[in-house]
Amino acid sequence: MTTGGIWKHTPRDAVLLVFSVAQFAVTIWLATAWEGASVPWRAGSYALLAVMMAYNIIVISHLFTHVPWFASSRLNGLVSLLNSVNIGQSVQAYHLTHVRNHHRFNNDLQGTDGTTRDTSSTYRDGKDGEHAPLLSYVVMGALDSLVGRGREILYVVRLWRVGAGDANLLSLAARREPRRSKELRQVQADRAAHCLSLVLFAAISWQWTLFCYLPSFFIALAMVNVQNYYRHYGADPSSRATDSVSHYGRLYNALTFNDGYHQEHHLSPATHWSQMPVVRERRRGELDSRPRIISPVPAMLGFLDRRRPLLHHGPATGGAPSTATETRRRSA
């Protein structure tokens with residue numbers, strides 16, 4: 001699918017761009033309005049900022065890392081800079097770790113070495129083939145991300161270039177030139193944009209930056225981890241058609257550009273968001289050939305799905321649902 005103009009796939013991606021620009025503008029406004037604001041207004045600021053950042057990571061930047069919006073690489077580079085400010089981390093680094101690690105190893109189980117190849121796997125810190133505890137996965141993951149962003153601020157001494165300490169990024173970057181250098185330069189530019197935006201925020205209001213932005217950023221990271229946890233909780237990692245959890249609610253998918261089609265996204269990660277329902281129909285035989293989890297609620301509310309089967313236990317332990325249960329879930 002191509003438009004042959006400014007947009008690589010469809011002008012509908014302009015909606016994602018509008019959100020990105022609007023988020024930056026609202027963030028600046030929240031910083032400027034902090035001084036003298038009422039307690040309810042400040043509480044609302046926390047919530048709005050956290051939701052915007054989490055939504056951008058889960059939906060906007062996630063979609064961009066898989067399918068960039070513009071035909072021009074320069075325009076895509078500018079979007080990467082903008083959303084690196086919006087999500088508090090390099091979008092290019094997000095692309096490397098998410099697309100080239102998570103989508104390669106797909107929330108895998110621990111291997112014989114006691115760890116997972118997917119660095120974001122919900123099994124990474126689990127025991128006996130189980131997912132890690134939710135609270136540990138969410139809080140410790142957010143803390144680890146926060147520490148990582150703090151470390152990147154100190155990279156100002158090398159102008160935020162990717163160095164020897166970034167072994168994971170270096171291993172995930174393209175092998176061939178000039179693509180490898182281009183990707184690493186984009187990470188550097190993204191980091192610079194993010195860190196300089198913190199200087200801007202502090203110049204507007206250091207109180208807002210310290211007491212609103214940073215706590216909201218941590219909350220957003222925690223929300224993203226909840227989302228990722230329930231996108232995979234209970235799913236069967238032994239098959240590419242059962243290793244994720246989908247939610248087909250119309251309202252949720254309308255508001256999130258088909259984010260609920262997560263199993264389909266894992267089967268075809270390079271497919272544009274608008275085509276996810278098409279992927280579902282095209283791969284229906286494969287998807288319906290084995291029991292899989294279809295959640296009645298969005299992943300962020302996955303803890304409400306009390307009847308979710310634990311397919312990762314396998315048939316030997318009785319974890320797979322009955323045909324009746326699976327049929328009922330497919331009709332949800």
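In whole percent, what relative contact order does segment 1-156 give with Cα contacts below 8 Å and a gap of six or more residues? Intermediate values should be presented prior to the final figure.
Numbers: 124 pairs, mean separation 25.2, N = 156.
Here the relative contact order equals 16 percent.
Against the longest alpha carbon principal axis of the chain, how many degrees, from 0 to 90 and to the nearest 10, is the axis of helix 14-32 turned?
Orientation of helix 14-32: about 50 degrees from the principal axis.
Just from the alpha-carbon atoms, what are the Rg and Dmax of segment 40-134 in angstroms?
16.7, 52
Could you tell me the distance between the Cα centroids of segment 75-149 and segment 246-298, to the nearest Å?
Using only Cα atoms to place each centre, the spacing works out to 21 Å.
Hey, rough spin-label estimate for Leu134 and Val199, points 7 angstrom out along Cα→Cβ, what's it come to in nanometres?
4.2
Within 13 Å, Cβ to Cβ, of Gly126, how many net charges do the neighbouring residues add up to if Lys/Arg are +1 and Asp/Glu are -1?
So the environment of Gly126 carries a net charge of -3.
Roughly how many Å² of Ser136 are accessible to a 1.4 Å probe, to the nearest 10?
Surface accessible to solvent at Ser136 totals approximately 50 Å².
Which FRET efficiency value, to the nearest 0.05, do you get for Ala47 and Ser289 by plugging their Cβ-Cβ distance into 1/(1 + (r/R0)^6) with R0 = 56 Å?
According to the calculation, E is roughly 0.85.
Do the sum for the chain: with -39,500 (n - 2.57) for every DSSP H run of n ≥ 4, divided by all residues, what is the mean residue ellipticity at 222 nm, to the nearest 500 deg cm²/dmol?
One gets -15500 deg cm²/dmol as the mean residue ellipticity at 222 nm.
For segment 131-266, what is Rg from Cα atoms divided by 2.2 N^0.38 Å, rounded to two decimals?
With N residues counted in segment 131-266, Rg over 2.2 N^0.38 Å equals 1.29.
Would you kindly state how much longer the chain becomes between Thr32 and Leu251 on full extension, computed as 0.36 nm times their sequence separation minus their alpha carbon distance, in nm to one decimal?
Values: separation 219, 0.36 × 219 = 78.84 nm, distance 3.36 nm.
Extra length available between Thr32 and Leu251 comes to 75.5 nm.
Using 0.36 nm times the number of residues separating Leu154 and Ala167, minus their current alpha carbon distance, what extension gain do you get?
Working: separation 13, 0.36 × 13 = 4.68 nm, distance 1.67 nm.
Extending this stretch completely gives an extra 3.0 nm.
I'd like to check one number: the per residue accessible area of the chain, probe 1.4 Å, reported in Å² as a whole number.
47
Testing the spin-label approximation: label points 7 Å from Cα along Cα→Cβ at Val278 and Asp125. State their distance in nm.
My value for the distance between the label points is 4.1 nm.
What is the dipole size for segment 99-197, taken about its Cα centre, with +1 at each Lys and Arg Cβ and -1 at each Asp and Glu Cβ, in debye to the nearest 20?
Roughly 680 debye for segment 99-197.
If you average the C-alpha positions of segment 163-188 and of segment 14-37 separately, how far apart do those two centres end up, in angstrom?
First find each Cα centre; the distance between them is then 31 Å.
I'd like to know which of Met276, Leu255, Pro298 lies farthest towards the positive end of the charge dipole of segment 252-303, counting +1 on Cβ of Lys and Arg and -1 on Cβ of Asp and Glu.
Met276
Mind listing the phi-derived Karplus ³J(HN,Hα) values for segment 76-87, rounded to whole Hz, using 6.51, -1.76 and 1.60 with θ = phi - 60°, and x for any glycine or proline?
Computed from phi, the couplings for segment 76-87 are 4, x, 5, 4, 4, 4, 4, 7, 5, 5, 5, 9 Hz.
Bin width 10 Å, origin at 0, all Cα-Cα pairs of the chain: what percent of pairs per bin?
Here the calculated profile for the chain is 5, 24, 33, 25, 10, 2, 0.
If packing is taken as the mean number of other Cβ atoms within 10 Å per residue, what is the order of 152-159, 54-61, 94-101, 69-76, highest first?
Values: 152-159: 12.8, 54-61: 22.8, 94-101: 19.5, 69-76: 15.4.
Ranking the peptides 152-159, 54-61, 94-101, 69-76 by packing returns 54-61, 94-101, 69-76, 152-159.
Relative to the longest principal axis of the chain, what angle (0 to 90°, nearest 10) does the C-alpha long axis of helix 39-55 take?
60
Between Arg104 and Arg306, what's the calculated FRET efficiency when r is the beta-carbon distance and R0 is 41 Å? Round to 0.05.
Efficiency, rounded to the nearest 0.05: 0.80.
For the chain, which whole-number percentage of the solvent-accessible area (1.4 Å probe, protein heavy atoms only) is attributable to carbon and sulfur atoms?
The computed percentage sits at 63.
In whole percent, what relative contact order does the chain give with Cα contacts below 8 Å and a gap of six or more residues?
Details: 443 pairs, mean separation 56.7, N = 332.
Relative contact order for the chain comes out at 17 percent.
The values are calculated or read from the model by the stated rules, or taken from the named source; none is laboratory data. Everything numeric here is computed off the predicted structure, so don't read it as measured data. FYI the Cβ positions are ideal-geometry reconstructions off the backbone, even for glycines, and counts take in every protein chain you see. Quick note on the areas: whole protein, heavy atoms, side chains included, nothing else; ligands and nucleic acids left out. Shrake-Rupley method; radii C 1.70, N 1.55, O 1.52, S 1.80 Å.
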